[in-house]
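**Student:** First the structure, then my questions, so here it is.
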Amino acid sequence: MRPHRAYSPGLTGVLPLRESRHLLEVLRAKVGDRFTVFDVDREAVAEVVELGPPVRYRILEERRPEREVGVEVVLYPALLKGDKLAEVVRAATELGATRIQPLVTRHSVPKEMGEGKLKRLQAIAVEAAKQSGRLRVPEVLPPIPLNALPKVEQGMVAHLGARSLVREVLDLGKPLALAVGPEGGFAEEEVELLQEKGFTPVFLGRRILRAETAAIALLALCTAGEGR
């Protein structure tokens, strides 16, 4: 069987059914095949001992690679039209977000999210974590109204009229909260509310970015250089 990473909460020796089916139906796993399991802050080389489903495995070698940013990184993207939020969730997982909390804002076209779409976004986060070598799968939560946001220790909001640059205000020693508006951006009173909650408006350039691009750009500016 070719190298494979499987998400296994708790590394309990039993794979979730979704992961089991992938090993059995796509990869045609056999007893004795080896693959990698991961959860939160550790991963391990594992060996299939029972096909099931569910697939049962035993751990051969445990590892604790350092692939996470090192602080909590919460992304607050506004609800977006169509499948754009899926793109945000995928990229946010690759870039190190630990939680993704969608927001209902004044200019959001969708005002709610069905359970089916939420489960799909959660599955996308799992797949992106597997692909990118992450140990932690970010939570993807049901949307909340903007005024329900808690106060944050360090926050940034992408805003076309801002003057501060990310590098001027970023402190990677503190938990990070990032807010990005919908198509059309946040209303001015929403930006003021975010500032009251601890978010600093930051400038992402003179060009007008799509909402999903802005979310990815802000995350990348904050997390891509965490090893420097």
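**Student:** Are any residues in region 173-188 at negative phi and open to solvent by less than 40 Å² (accessible area, probe 1.4 Å), and if so, which ones?
**Tutor:** Leu176, Ala177, Leu178, Ala179, Val180, Gly181, Pro182, Phe186, Ala187
**Student:** Just to be sure I understand, how many residues within region 162-172 are open to solvent by less than 40 Å² (accessible area, probe 1.4 Å) and either among the polar types (S, T, N, Q) or free of Cβ contacts under 8 Å to residues at least 40 places away in the same chain (or both)?
**Tutor:** Looking only at that region, the number is 1.
**Student:** Return the residues of region 189-228 that are of a type in the set (S, T, N, Q), surrounded by fewer than 18 Cβ atoms within 10 Å (Cβ to Cβ) and in contact (Cβ under 8 Å) with a residue 40 or more places away in the chain; say none if nothing qualifies.
**Tutor:** Hit for region 189-228 is Thr200, nothing else.
**Student:** Scan region 31-38 and tell me whether some residue there is open to solvent by 40 Å² or more (accessible area, probe 1.4 Å) and modelled with pLDDT of 90 or more.
**Tutor:** Yes, because at least one residue in region 31-38 is open to solvent by 40 Å² or more (accessible area, probe 1.4 Å) and modelled with pLDDT of 90 or more.
**Student:** So which residues in region 131-142 are within 30 Å of Glu189 (Cα to Cα) and assigned to a loop (DSSP other than H, G, I, E, B)?
**Tutor:** Listed by number, the residues that qualify are Pro138, Leu141, Pro142.
**Student:** Report whether or not Ala187 is under 26 Å from Lys111 (Cα atoms) and modelled with pLDDT of 95 or more.
**Tutor:** No; evaluated as a whole, the condition is false for this residue.
**Student:** So, in region 92-111, how many residues would count as being under 15 Å from the mean Cα position of the chain (by Cα) and polar (S, T, N, Q)?
**Tutor:** So the answer is 3.
**Student:** Just to check your reading of the model, which residue among Ala128, Ala162, Ala86 is assigned to a helix (DSSP H, G or I) and over 16 Å from Val73 (Cβ atoms)?
**Tutor:** Being assigned to a helix (DSSP H, G or I) and over 16 Å from Val73 (Cβ atoms) holds for just one of Ala128, Ala162, Ala86, which is Ala86.
**Student:** Can you confirm whether Glu66 is part of a helix (DSSP H, G or I) and either more than 18 Å from Gln131 (Cβ to Cβ) or β-branched (Val, Ile, Thr) (or both)?
**Tutor:** No; evaluated as a whole, the condition is false for this residue.
**Student:** Can you tell me which residue within region 93-122, out of those that are touching a helix residue (DSSP H, G or I) at 6+ places or on another chain (Cβ under 6 Å) and part of a helix (DSSP H, G or I), is farthest from Val137 (Cα to Cα)?
**Tutor:** Leu121
**Student:** Which residue pairs have Cβ atoms closer than 7 Å, lie 6 or more positions apart in sequence or on different chains, and pair a first residue in region 133-161 that is open to solvent by 30 Å² or more (accessible area, probe 1.4 Å) with a second residue that is small (Gly, Ala, Ser) and in a loop (DSSP other than H, G, I, E, B)?
**Tutor:** What qualifies is Lys151/Gly198; Val152/Gly198; Glu153/Gly198; Leu160/Gly185.
The values are calculated or read from the model by the stated rules, or taken from the named source; none is laboratory data. Keep in mind that this is a model prediction, so the values were computed, not measured. Cβ: placed from backbone, ideal geometry, glycine included. Neighbour counts: every protein chain shown. Ligands, DNA and RNA are excluded from the accessible area calculation, which covers all protein heavy atoms including side chains. Shrake-Rupley method; radii C 1.70, N 1.55, O 1.52, S 1.80 Å.
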